[in-house]
Ligand SMILES: Nc1nc2c(ncn2[C@@H]2O[C@H](COP(=O)(O)OP(=O)(O)OP(=O)(O)O)[C@@H](O)[C@H]2O)c(=O)[nH]1
Ligand SMILES: C[S@@+](CC[C@H](N)C(=O)[O-])C[C@H]1O[C@@H](n2cnc3c(N)ncnc32)[C@H](O)[C@@H]1O
Ligand code: SF4
Ligand code: SF4
């Protein structure tokens, strides 16, 4: 499936729920999330049908996200059904890791082979401050469980926010002794999150990936670890996303950079996003969405295909964000990142 700019669209990100067991400052407001009526949430049968149709159109990769996908009951069953769809050859999950210790074995049994786990700090007190609700031990145990059960690759997502003063080198060093792929993500102006100071996203809080990499290289050289070199071929973890990967000499894992603002990757954009209420979004940085719930519930595949065409056709060639306060009204937890 091609969009109107000639890009191949083969990756679908599905938000299973807006709900979350954490409330990260850069993703959700402190309180006051709109309660979504239960019957507007796509049922698993409907998600499976949508993926079947999307697979016929060329979608090969599916990512489950949220909100927190693991708080929705029956995720393992959904993964099993999605794995059986002809044409889908990569299913992945983005999670905060809190429930992973408990759920990793059943997810693996269901056919999931890789996970991305979000963690922004190694400091327990700061973790609770960022997530408003969480305890870091649960995520660290989730990462251990992911490696133990055999997920490969296991990627760690850390959003870099200047006012959090994160220790980038400490994070990057996690890639040395275990096969972990640490990815730094530039802080994006999506939704109405309160940000670290309660005032929402601001350009002054964005740290560019080049800056992070320079800080890591300086610290690593001083510590005698060496500098990051571009990861090529088999050194790069499997994936369909926008990260650029590097590694330290002899490291078991890699260090990746996702730079939507300083060096956007829209030219290679390969994805559509399905919200939990059945909205198909052409771009993360826009509130434009197309209703797939109605044709799904009507069993109207022709209309469903027309909606997919329309969403594909409306994908922008690139985004123009980064200098103003908000790209969308919708919060990141509702879009799925
Ligand atoms: N601007 C922008 N950001 C994206 C896009 N896709 C993913 N991201 C961001 O990249 C970060 C990591 O995304 P993940 O859910 O871990 O998935 P991924 O890196 O695309 O997936 P793989 O490479 O397949 O593992 C999240 O913060 C996303 O919001 C995109 O199309 N545009
Ligand atoms: C919205 S979360 C959903 C999945 C799951 N709850 C998690 O946290 O991994 C998906 C990804 O988006 C990232 N994210 C959320 N808000 C962001 C923002 N404003 N800028 C950049 N990344 C953001 C999160 O850190 C996470 O890696
Ligand atoms: S980033 Fe993930 S864990 Fe944090 S509030 Fe958003 S959806 Fe929840
Ligand atoms: S910002 Fe929009 S066009 Fe650019 S990569 Fe992300 S989803 Fe694609």
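Worth pointing out:
- Filter pass, residue 163 being farther than 20 Å from residue 91 by Cα, assigned to a loop (DSSP other than H, G, I, E, B) and in contact with a helix residue (DSSP H, G or I) (Cβ under 9 Å, 6 or more places away or on another chain): no
- Of the helices (runs of 4 or more DSSP H) contained entirely in the range 260-337, those carrying at least 1 residues that are over 26 Å from residue 19 (Cα atoms), without any contact (Cβ under 8 Å) to a residue 60 or more places away in the chain and away from ligand 2 (no atom under 16 Å from the Cβ) fall at 293-298, 301-313.
- In this structure, residue 277 does not qualify as buried (at least 23 other Cβ atoms within 10 Å of the Cβ) and more than 8 Å from ligand 4 (Cβ to nearest atom).
- In a residue-by-residue description of the range 118-127, the property of being within 15 Å of ligand 3 (Cβ to nearest atom), on the phi < 0 side of the Ramachandran plot and over 20 Å from the mean Cα position of the chain (by Cα) applies to at least one position.
- Restricting attention to the range 212-254, the residues that are part of a helix (DSSP H, G or I), more than 22 Å from the chain's Cα centre (by Cα) and either farther than 23 Å from residue 11 by Cβ or within 16 Å of ligand 2 (Cβ to nearest atom) (or both) total 9.
- Pairs, first within 21 Å of residue 222 (Cα to Cα) and without any contact (Cβ under 8 Å) to a residue 60 or more places away in the chain in the range 242-258, second part of a strand (DSSP E or B) and away from ligand 3 (no atom under 16 Å from the Cβ), C-beta under 7 Å, six or more apart: 246/229; 246/230; 246/254; 246/255
- Of all residues in the range 77-110 being under 19 Å from the mean Cα position of the chain (by Cα) and surrounded by fewer than 18 Cβ atoms within 10 Å (Cβ to Cβ), the one that is nearest to ligand 2 (Cβ to nearest atom): 90
- Filter result (more than 13 Å from ligand 2 (Cβ to nearest atom) and under 20 Å from residue 336 (Cβ atoms)) within the range 133-152: 151
- Tally, over the range 27-51, of residues that are farther than 17 Å from residue 279 by Cβ, at pLDDT below 95 and within 15 Å of ligand 2 (Cβ to nearest atom): 3
- Residue satisfying condition, being assigned to a strand (DSSP E or B) and buried (at least 19 other Cβ atoms within 10 Å of the Cβ), within set 156, 130, 143: 156
- Residue 291 being surrounded by fewer than 17 Cβ atoms within 10 Å (Cβ to Cβ), within 22 Å of residue 63 (Cα to Cα), in contact with a helix residue (DSSP H, G or I) (Cβ under 9 Å, 6 or more places away or on another chain) and at pLDDT 95 or above: yes
- Just one residue in the set 16, 42 is crowded, with 23+ Cβ neighbours inside 10 Å and within 14 Å of ligand 1 (Cβ to nearest atom); that residue is 16.
- Test: residue 296 is closer than 21 Å to residue 39 by Cβ, touching a helix residue (DSSP H, G or I) at 6+ places or on another chain (Cβ under 8 Å) and more than 10 Å from ligand 4 (Cβ to nearest atom): yes
- Qualifying residue in the range 79-91 (condition: over 28 Å from residue 3 (Cβ atoms) and away from ligand 1 (no atom under 16 Å from the Cβ)): yes
The values are calculated or read from the model by the stated rules, or taken from the named source; none is laboratory data. Keep in mind that this is a model prediction, so the values were computed, not measured. Every residue, glycine as well, gets a Cβ built from its backbone with ideal geometry; the counts of neighbours run over all protein chains shown.
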